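What follows is a single structure, written as structure tokens, with notes after it.
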Amino acid sequence: MHFLKQTCDLLASLGSHVSIEDMTDYILRSLDDGYRYVIDGVNTRDNPITFDDLLEKLLIQELSIVAVQQQTPAPLTALKAQVRPNYKNKPRPAQLPAQSNQRPGNHKPILGKCQWCDVRGHVLSQCRTFKQQHPGIPPRPGDSAQVNTATAGPLQTDFLVDSGATHHITNDLANLAIHHSYTGPDSLFMGNGSGLNISHSGTLLINGLSLSNVLCVPSMKQKIISVSQLTKQTNSAVLFMPHSFYVKDLQTGQTTHKGSCIDGLYQWPAPTPAVHNVRKDSPTSWHHKLGHPSSSIFKFIYQHFSLGTNQFQQSDSNSCQISKSLKLPFNESTLISYYPLEIIFSDVWTSPILSIDGLCYYCMFVDHFTRYIWLYPMKCKSDVQIIFPKFKTLVENFHKQQIKILYTDNGGEYIGLRPFLSNHGISHHTTPPHTPEHNGISERRNRHIAEIGLALLHHSGIPLTYWPHAMTTAAYLINRLPTPILKYQSPYF
């Protein structure tokens, strides 16, 4: 049930909730005939039973079964190897099974044996035989040699490898990469008979290993790695030597981890930095190894962790562009103009809002040489065939030049201009299908005009229905603002 509750909590954290009815059905199907009384009682209920109530009923039934069969369940133990004073000929390791947390008015019997008299039903602190034989001596380990104790000594930050522990233990919740509150009834009992509360359970990531079912006990003095859990979860073997220990993979036989024995305690090796003290390599190689991060992140890592020389060079990789971009960067335009009206770019912008004048579009013309903009609001796209002849007459009379090339997309409003363009000797260049990049000058100007126009409307508090006036004003301002394309001269100049 603990495992089921942990699994359901993890599923809930991922957005997939499991109902109490499904959990109850899963538990009941897993029970044998010894729990038939509980199964029948739950099935005859009108309302679904809660998880805690079902757990309590099953625990009571389990105690009854154990009392009949005189069997002790598997204990939940941690560091157990403590040596008491030599009151008897041979010291024995202190182990006590897990016991449910005692609640007021709901005391449950202790199923484990006493560490002193081997009588089931009480612990060392309650042992009358110990108190009679050793009056005045508190029931706790003596002051002689203590081996791998969890209750003595200062707080430790390293993990200790212990073969007598049945679970991994930590006292710092920050060590658990994934964790959830522990709702089970068990406590962690130590060799002196004291119980420690379990606050959380989760997964520990340490030196490339993922260890599950790690218990967080804030009152613990030491952090523990259980040998039995380690070998099962990682399919490995642990070899203990006088001054060190080794963790070997059972399939390959390779040594995956190595630790040392300090003051009689086998300590798990501290995590090594993943980036510090690594071999210096070229920026391109590091960019590949780190998974092609962005330029700013890669520059920070490269300089902060001293992965190479102080002179940072940006890594250029086609893999980044191919994998992270909707489209690859377009080649720079090779068009060159030498005088005004040699190349005219044009595009039609569609407004999502009908203007106060009943206008839905505007037609824009951009001179490639001067980057000057002419903007004409209109009601229909077909109005382009009326506007362009007027525009042609206006600009040609002003510049005393003739339009040589008109560059547009393949919109129907421009296709209808082909007879007029042919009669006046104007070349009509169009973009290939699905490549608006070829008409990039018009596309960028449209966005620039729209951004400034919307900013003017928002700042002045004018409704969006006045967008033709704002867009016309935006084109007027852009023509008079300096631009880096013209070496910070204005198109009007």
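What to note about this one:
- Per the conditions (1) farther than 22 Å from LEU4 by Cα; (2) in contact (Cβ under 8 Å) with a residue 12 or more places away in the chain; (3) of a type in the set (A, V, I, L, M), the sole criterion not satisfied by LEU230 is (1).
- Scanning the stretch 334-361 for residues that are outside any loop (DSSP other than H, G, I, E, B) and without any contact (Cβ under 8 Å) to a residue 40 or more places away in the chain returns THR350, TYR361.
- Applying the set (1) over 22 Å from TYR182 (Cα atoms); (2) of a type in the set (Asp, Glu); (3) surrounded by 10 or more Cβ atoms within 10 Å (Cβ to Cβ) to GLU62 leaves exactly one unmet item: (1).
- Note on the stretch 407-425: residues that are of a type in the set (Phe, Trp, Tyr) and assigned to a helix (DSSP H, G or I) total 2.
- If the condition is being surrounded by 13 or more Cβ atoms within 10 Å (Cβ to Cβ) and in a strand (DSSP E or B), then the stretch 233-243 contributes SER236, ALA237, VAL238, PHE240.
- HIS428 falls short on exactly one of the conditions (1) part of a helix (DSSP H, G or I); (2) over 51 Å from the mean Cα position of the chain (by Cα), and that condition is (1).
- Residues of the stretch 244-258 satisfying the condition of being aliphatic (A, V, I, L, M) and surrounded by 14 or more Cβ atoms within 10 Å (Cβ to Cβ): VAL247
- Count - residues of the stretch 253-302 that are modelled with pLDDT of 80 or more and over 26 Å from the mean Cα position of the chain (by Cα): 16
The values are calculated or read from the model by the stated rules, or taken from the named source; none is laboratory data. Just so it is clear, the structure is predicted and the values come from calculations on it, not from any experiment. Note that we place each Cβ from the backbone using ideal geometry, even for glycine, and neighbour counts take in every protein chain shown.
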